[in-house]
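What follows is one structure encoded as structure tokens, with my remarks underneath.
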Amino acid sequence: MAKMEGTVSVLEIDQIFSNLKNYQDNLECIIKKPHLYYQPIDCAVLSFSCVSQQKLYLGDLLQLWQQKKWLTLFSEHTSCPFCAYPYAIYFDYLNQTTIVKAWHSQEKRHVSYQIKHAFDFYLAFIQLQRP
């Protein structure tokens, strides 16, 4: 169920995947229109520092997944390459590890993985085309 953030509803990851084909078919339109691009996603975030956090929006995730930038980087960390769609990457200070949260498309559930290097994920993010 979508949450409300101000007057904008916040999408859940499973909502995106229940309608992924439609979002992919309309990616060009989403990239060009800020009100579509900046649709907030619950728990979608890049966070590598306790003082800095970058929210990820619908347009960000769709581009990263469509262009397979994050899927390719992440495929080496899973037993099913291109099945896990990352939506959150953060550093866990307590355990001193980087955690990736992803939606597993075959199992239709949220999964978490530990990775050693997150810098390439950040580089892919900063190269996105935003309206």
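The values are calculated or read from the model by the stated rules, or taken from the named source; none is laboratory data. Source: prediction; values computed, not measured. Cβ coordinates were reconstructed from backbone atoms using ideal geometry, including for glycine residues, and neighbour counts include every protein chain displayed. Just so you know, the surface numbers come from the protein's heavy atoms only, side chains and all, with ligands and any DNA or RNA stripped out. Shrake-Rupley method; radii C 1.70, N 1.55, O 1.52, S 1.80 Å.
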Please note which helices (runs of 4 or more DSSP H) are completely contained in segment 43-131 and include at least 3 residues that are surrounded by fewer than 17 Cβ atoms within 10 Å (Cβ to Cβ) and without any contact (Cβ under 8 Å) to a residue 40 or more places away in the chain.
119-126
One residue is enough: does segment 47-65 have a residue meeting the conditions over 8 Å from the mean Cα position of the chain (by Cα) and on the phi > 0 side of the Ramachandran plot?
no
Filter segment 23-35 for residues that are open to solvent by less than 60 Å² (accessible area, probe 1.4 Å) and farther than 19 Å from S105 by Cβ and give the result.
C29, I30, I31
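Limited to segment 21-51, what total is found for residues that are over 19 Å from L128 (Cα atoms) and not β-branched (V, I, T)? Don't jump to the end; show me each part of the working.
Of segment 21-51, the ones over 19 Å from L128 (Cα atoms) are 21-22, 42-43, 49-51.
Keeping just the survivors that are not β-branched (V, I, T) gives 21-22, 42-43, 49-50.
Number of matching residues: 6.
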